[in-house]
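*Asks:* Please see the structure below; I have some questions.
The numbers here are math on the coordinates, done by the rules we state, and not lab data. This one's a predicted model, so the numbers in the text were calculated from it and none came from an experiment. Neighbour counts are summed over all protein chains in view; Cβ atoms, including those assigned to glycine, are modelled from backbone coordinates with ideal geometry.
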């Protein structure tokens, strides 16, 4: 069975999110063409990998919920963490909350993104 789907439909905010993550020094691989509920991005930072399902914050709440195939993937995935994110700050916060980065790294990253509340 193939993991490729015919046509990926990345969320509208995905290119900007990738650009922001890369500006923070994160490695990003676009997986949005894989399909079958696989998250959109593989993000690496500080020797930690994270799967990220991108959702557009401008969409109504129902369109930002995980689809059934995504819920199944999240439930069955036996690798590292997989999260849902609308912004680069969501990804950054995951790294911070899970103890993978130092507070000064988070503060510097927030300054790079121009986000207050560092």
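*Asks:* Based on what the data block shows, is residue 33 over 23 Å from residue 113 (Cβ atoms) and touching a helix residue (DSSP H, G or I) at 6+ places or on another chain (Cβ under 9 Å)?
*Replies:* Spelling it out, it is not the case that residue 33 is over 23 Å from residue 113 (Cβ atoms) and touching a helix residue (DSSP H, G or I) at 6+ places or on another chain (Cβ under 9 Å).
*Asks:* Could you check how many residues of segment 69-85 are surrounded by fewer than 13 Cβ atoms within 10 Å (Cβ to Cβ) and in contact with a strand residue (DSSP E or B) (Cβ under 7 Å, 6 or more places away or on another chain)?
*Replies:* So the first thing to find is which residues in segment 69-85 are surrounded by fewer than 13 Cβ atoms within 10 Å (Cβ to Cβ), and the list is 69, 71, 75-76, 78-80.
Checking the rest, the ones that are also in contact with a strand residue (DSSP E or B) (Cβ under 7 Å, 6 or more places away or on another chain) come to 80.
Going through segment 69-85 one residue at a time, the tally reaches 1.
*Asks:* Please note which helices (runs of 4 or more DSSP H) are completely contained in segment 31-118 and include at least 2 residues that are closer than 22 Å to residue 10 by Cβ and in contact (Cβ under 8 Å) with a residue 24 or more places away in the chain.
*Replies:* Working: elements: 61-64, 68-76, 88-97, 103-113.
Result: 68-76, 88-97.
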